[in-house]
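The values are calculated or read from the model by the stated rules, or taken from the named source; none is laboratory data. This is a predicted model, so every value here is computed, not measured. Note: ideal-geometry Cβ built from the backbone for every residue, glycine included; neighbour counts use all protein chains shown. Note: areas computed on protein heavy atoms with side chains; ligands, DNA, RNA excluded. Shrake-Rupley method; radii C 1.70, N 1.55, O 1.52, S 1.80 Å.
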Amino acid sequence: MTTDRTLQEHPFAQYVRILGKGKRGARNLTREEARDAMGLLLDGQAEDTQLGAFLMLLRHKEESAEELAGFCEAVRARLQLPRALDLDLDWPTYAGKKRHLPWYLLAIKALAGSGVRILMHGGGAHTAGRLYSEHLLARLNIPHCAEWDHVAQALDGRQPAFIALDAWMPALQRMIDLRNLLGLRSPIHSLARLINPGKARCGLQSIFRPGYQAIHRAASSLLGDHAIVIKGEGGEIEVNPDVASTLYGTANGIDWDEQWPALSEQRRVKPERLDPDHLLAVWTGEARDEYGESAILATLALALRGLGQPREAAFTQARACWENRDRAV
């Protein structure tokens, strides 16, 4: 016997249909549709089968700037921070490193010590064989915050603050955790880099997939954000000093591109293994690392560029910031 339940279409089904209706019938979601679809997912109003189908259809077709902007608006509408954090930089860290140490962490420490207020956020160690920020926070004395009040305390103490995605948007963390079940990363890995949950003056983003840097810049522009997007080393916000870099910036509705030349004439050999103790030794001055210190300098300059410094001035200030760092851990 047919019931009313079997005849009534689920509210989320329309969004799966839009994406999956075949080569001729499928299309991108509009910004409004994307906002509504993500809202249903965040509010637990979709079935798990719909969530999996939705994420993989998006992954297959590749998300548009309008979709990313709509998804981001849905997340931001559900964020509740107890107070303004007066942030300078939003620093998402979701990729993990496998070829080089996470030198960006030392750039972050140096900047925070100079008074720059930086929020880091990440989605946990979801891929084997990578070294994630979360693995090194305690070693480098970077506060791993469980709530927003703790974040504020760290920032007020001239420290960077890290807060896990699960602490402020657990529904998104659950979607990221599907990576090993579905076998592919989903668009949520990209979305998390765009959110800027603490409303920082500038959001830094690293997007590794070729061609997607411009799409993320376009999404940030649609949202009215100030952002710089790069293809960072290993997918993290870290400038690879051995290759030329392109910065995709947007501010006040104006998009700009900037080419940065390599700092080395040739690529340097990657280390045989990633030793976190070496990272700490470079910070304290007990060891030197030509590649690492070049990466730190360029990443510092990137962050300062995001805060309004022109390139040459950013590199000059970056050198001073690194040389004058408090080497205590």
Cross-chain or 6+ apart pairs with Cβ under 7 Å, the stretch 166-185 first and closer than 19 Å to Ala77 by Cβ, then open to solvent by 80 Å² or more (accessible area, probe 1.4 Å) and in a helix (DSSP H, G or I): Gln173/Asp166
Selection within the stretch 43-64 - in a helix (DSSP H, G or I) and in contact with a Ser or Thr (Cβ under 8 Å, 6 or more places away or on another chain): Leu55, Met56, Leu58, Arg59
Output for the stretch 81-108, where each listed residue is closer than 19 Å to Ser294 by Cα, in contact with an Asp or Glu (Cβ under 9 Å, 6 or more places away or on another chain) and either outside any helix (DSSP H, G or I) or open to solvent by 30 Å² or more (accessible area, probe 1.4 Å) (or both): Lys97, Arg99, His100, Leu101, Pro102, Trp103
Meets criteria (without any contact (Cβ under 8 Å) to a residue 12 or more places away in the chain and either of a type in the set (Phe, Trp, Tyr) or crowded, with 18+ Cβ neighbours inside 10 Å (or both)) for Trp260: no
Residue within the stretch 239-257 that is surrounded by 19 or more Cβ atoms within 10 Å (Cβ to Cβ), within 18 Å of Met120 (Cα to Cα) and modelled with pLDDT of 90 or more present: yes
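Of everything in the stretch 58-75, what is open to solvent by 10 Å² or more (accessible area, probe 1.4 Å) and either aromatic (Phe, Trp, Tyr) or at pLDDT 95 or above (or both)? Give them in sequence order. Working first, answer last.
Pass one, the stretch 58-75, residues open to solvent by 10 Å² or more (accessible area, probe 1.4 Å): 59-62, 64-66, 73.
Selection gives Ser64, Ala65, Glu66, Glu73.
Could you say which residue among Val269, Val282 is over 24 Å from the mean Cα position of the chain (by Cα), among the aliphatic types (A, V, I, L, M) and open to solvent by 40 Å² or more (accessible area, probe 1.4 Å)? Talk me through it step by step, then tell me what you get.
On the way: Val282 fails: open to solvent by 40 Å² or more (accessible area, probe 1.4 Å).
Just a single option satisfies the conditions, and that option is Val269.
Among Arg27, Arg5, which is open to solvent by 60 Å² or more (accessible area, probe 1.4 Å) and either part of a helix (DSSP H, G or I) or modelled with pLDDT of 95 or more (or both)?
Values: Arg27 fails: either part of a helix (DSSP H, G or I) or modelled with pLDDT of 95 or more (or both).
Of the residues listed, the single one that is open to solvent by 60 Å² or more (accessible area, probe 1.4 Å) and either part of a helix (DSSP H, G or I) or modelled with pLDDT of 95 or more (or both) is Arg5.
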Of all residues making up the stretch 285-324, the number that are among the charged types (D, E, K, R) and buried (at least 21 other Cβ atoms within 10 Å of the Cβ): 1
